[in-house]
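What follows is a set of notes on a single structure, which appears directly below.
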Amino acid sequence: MDDKLMLMIPGPTPVPEKVLSAMAKHPIGHRSGDFSKIQAEIVENLKWLHQTQNDVLILAASGTGAMEAGIINFLSAGDRVLVGCNGKFGDRWAEVCDAYGVNAERITAEWGQPLGPEQFRERLERDREKQIKAVIITHSETSAGVINDLETINRHVKAHGEALIIVDTVTSLGATNVPVDEWGLDVVGSGSQKGYMMPPGLGFVSVSAKAWEAYKTAKLPRYYLDLGKYRKSAAKDTTPFTPAINLFFALQTALQMMKAEGLETIFARHHRQSRATRSAIAALGLPLFTTDECSSPAITAVAPDRVDAEQIRSVMRKRFDIALAGGQDHLKGKIFRIGHLGFVADRDILSAIAALEATLQELGYESFSPGAGIAAAAKSFNAL
Ligand SMILES: *Cc1c(COP(=O)(O)O)cnc(C)c1O
């Protein structure tokens, strides 16, 4: 059936009609007062979302562009950094460092396991000469559905005193609490197609005063992604280059919707949906890929053992127009991932679980009593 696609992948995520229609108009000139007014409102609301007084800069880029900017503006070739690697995105930030000649030491954990804060503490305490310039962490590691203990790791970074904390919050911002000022997060990157309820195309970077100090002496090459240019323009409510103007219209509306819902309500919704999804999956006898303690509130990763993950995805897509994500790299075919990030209602979770039950039956997987998943999800919702 045409136009019934339900995106349950961890990005791009569903977009409200209101946001779609906000985009459906002629672009306006970006050197106009009208545009500056929009930008001023957006920036104020971005600071609200990030819980910060720091600069929050907007790039025409995907999340990777935002993170690349967040790394290269504050470092020099040969600088030593620690990078948390327990999935595809952590690996990616280490590769960005490699590409620019930054000396990245990878602190690893198995995909599906959280990073060990103790490993960071130990490395940072040993660094008496304060050579470690930054610690780069992926808060919610989308590829494995894991949330890392950013708060504890960051405490060790603060105890070190010198190193910046650079965080990928692409699937945690707008899903769970990321209090940028309270925790003192120096650089925080995110992307529009994840928790923002809008299409891909915008990247966001928040930058602390401490990071701006590092910017002054950082020597890596930068031009389009030179955040100093964005900061200078933002002071005049504009952008250094042509912005993705229609995406600004979308962002304006999306942020208004988020403000009306309220941060606490948004976070509670994501955690509630994560719990309901996990209890449904467990009731269907499908193994969860992560423990409750480290599961991302935005993504549920499932590792089915007696039924093929790719077949599940295929039937869900063809039969029910529900898009689920597969596994990446060595997890391809081994897991599937349900995204519940951004514009997702409890009703969507119930629909997805019902379709999953029907899919499992179609594939001849009979290890559950019909309705068990829905009953578990409903019970979880009602328990709150
Ligand atoms: C989606 C995502 C990104 C950004 O990917 P892009 O495709 O560049 O937008 C970065 N980190 C995480 C954890 C993500 O989920």
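The values are calculated or read from the model by the stated rules, or taken from the named source; none is laboratory data. Computed from a prediction, not measured in an experiment: that's the story for all the values here. Here the Cβ is made from the backbone with ideal geometry for all residues, glycine too, and neighbour counts use every protein chain on show. Areas reflect the complete protein model, heavy atoms only, side chains present, ligands, DNA and RNA absent. Shrake-Rupley method; radii C 1.70, N 1.55, O 1.52, S 1.80 Å.
Which count do you get for residues in the range 262-277 that are over 12 Å from LEU341 (Cβ atoms) and surrounded by 21 or more Cβ atoms within 10 Å (Cβ to Cβ)?
Total meeting the criteria: 1.
The conditions are (1) open to solvent by 10 Å² or more (accessible area, probe 1.4 Å); (2) within 13 Å of the ligand (Cβ to nearest atom); (3) among the hydrophobic types (A, V, I, L, M, F, W, C), and ALA175 fails exactly one of them. Which is it?
With respect to (1) open to solvent by 10 Å² or more (accessible area, probe 1.4 Å); (2) within 13 Å of the ligand (Cβ to nearest atom); (3) among the hydrophobic types (A, V, I, L, M, F, W, C), ALA175 is out only on (1).
Which of the residues spanning the range 1-36 are within 20 Å of VAL344 (Cα to Cα), assigned to a loop (DSSP other than H, G, I, E, B) and either touching a Pro at 6+ places or on another chain (Cβ under 9 Å) or open to solvent by 40 Å² or more (accessible area, probe 1.4 Å) (or both)?
ASP3, LYS4, LEU5, GLY11, PRO12, VAL15
Could you list, in sequence order, all residues of the range 345-363 that are touching a residue at least 24 places away in the same chain (Cβ under 8 Å) and not in a helix (DSSP H, G or I)? Reasoning before the result, please.
Here is the first cut: in the range 345-363, the ones touching a residue at least 24 places away in the same chain (Cβ under 8 Å) are 346, 348-353, 355-360, 362-363.
The answer is LEU363, and nothing else.
Inside the range 201-241, can you point out the residues that are under 20 Å from VAL167 (Cβ atoms) and within 16 Å of the ligand (Cβ to nearest atom)?
LEU202, GLY203, PHE204, VAL205, SER206, LEU225
Can you tell me which residues in the range 317-333 are more than 22 Å from the chain's Cα centre (by Cα) and closer than 29 Å to SER190 by Cα?
ARG317, ASP321, GLY333
Is there any pair linking a residue in the range 138-153 that is within 10 Å of the ligand (Cβ to nearest atom) to one that is among the basic types (Lys, Arg), with Cβ under 6 Å and at least six apart or on different chains, and which?
Listed by first residue and then by second, the contacts come to SER143/LYS88.
State yes or no: is GLU182 in a helix (DSSP H, G or I) and open to solvent by 10 Å² or more (accessible area, probe 1.4 Å)?
The answer is yes for GLU182.
For the structure I just gave you, tell me whether GLU41 is open to solvent by 10 Å² or more (accessible area, probe 1.4 Å) and either more than 21 Å from LYS236 (Cα to Cα) or among the small types (Gly, Ala, Ser) (or both).
Criteria not met by GLU41.
Which count do you get for residues in the range 238-260 that are open to solvent by 60 Å² or more (accessible area, probe 1.4 Å) and not hydrophobic (A, V, I, L, M, F, W, C)?
Residues flagged as open to solvent by 60 Å² or more (accessible area, probe 1.4 Å) and not hydrophobic (A, V, I, L, M, F, W, C) within the range 238-260 amount to 3.
Within the range 316-341, count every residue that is open to solvent by 20 Å² or more (accessible area, probe 1.4 Å) and either out of contact with any Ser or Thr (no Cβ under 8 Å at 6 or more places or on another chain) or within 14 Å of LEU356 (Cβ to Cβ) (or both).
9
Taking the condition surrounded by 19 or more Cβ atoms within 10 Å (Cβ to Cβ), within 30 Å of PHE343 (Cβ to Cβ), within 22 Å of the chain's Cα centre (by Cα) and in contact (Cβ under 8 Å) with a residue 60 or more places away in the chain, does TRP48 pass?
In short, no.
Kindly check whether there is at least one residue in the range 1-18 that is of a type in the set (Gly, Ala, Ser), under 18 Å from TYR230 (Cα atoms) and out of contact with any Ser or Thr (no Cβ under 6 Å at 6 or more places or on another chain).
Pass one, the range 1-18, residues of a type in the set (Gly, Ala, Ser): 11.
Checking which are under 18 Å from TYR230 (Cα atoms) leaves us with none.
The answer is no, given that none of the residues of the range 1-18 is of a type in the set (Gly, Ala, Ser), under 18 Å from TYR230 (Cα atoms) and out of contact with any Ser or Thr (no Cβ under 6 Å at 6 or more places or on another chain).
Pick from VAL81, VAL102, VAL56: which is touching a His at 6+ places or on another chain (Cβ under 8 Å) and either more than 16 Å from the ligand (Cβ to nearest atom) or farther than 23 Å from ARG123 by Cβ (or both)?
On the way: VAL81 fails: touching a His at 6+ places or on another chain (Cβ under 8 Å); VAL102 fails: touching a His at 6+ places or on another chain (Cβ under 8 Å).
None of the other options fit; the residue is VAL56.
Being closer than 24 Å to GLY174 by Cβ, assigned by TED's automatic domain parsing to the domain that holds ARG275 and in contact with a His (Cβ under 9 Å, 6 or more places away or on another chain), is that true of even one residue in the range 349-368?
yes
Would you please name the residue that is surrounded by the most Cβ atoms within 10 Å (Cβ to Cβ), looking only at residues in the range 305-315 that are in a loop (DSSP other than H, G, I, E, B) and out of contact with any Pro (no Cβ under 7 Å at 6 or more places or on another chain)?
Restricting to residues being in a loop (DSSP other than H, G, I, E, B) and out of contact with any Pro (no Cβ under 7 Å at 6 or more places or on another chain), the top hit is VAL307.
State which residue pairs qualify: first residue more than 10 Å from PRO297 (Cα to Cα) and inside the range 253-277, second residue open to solvent by 40 Å² or more (accessible area, probe 1.4 Å) in any location, beta carbons under 7 Å apart, and separation of 6 or more residues or different chains.
Partner pairs satisfying both residue conditions: THR253/LYS18; MET257/LYS18; LYS259/TRP48.
Every residue, every condition in (1) of a type in the set (A, V, I, L, M, F, W, C); (2) over 15 Å from GLY70 (Cβ atoms), yes or no:
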position	(1), (2)
LEU124	yes, yes
LYS133	no, no
THR138	no, no
SER143	no, yes
ILE165	yes, no
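Being outside any helix (DSSP H, G or I) and open to solvent by less than 40 Å² (accessible area, probe 1.4 Å) is the filter here, so list the residues in the range 364-377 that pass it.
Result: TYR365, PHE368, GLY371.
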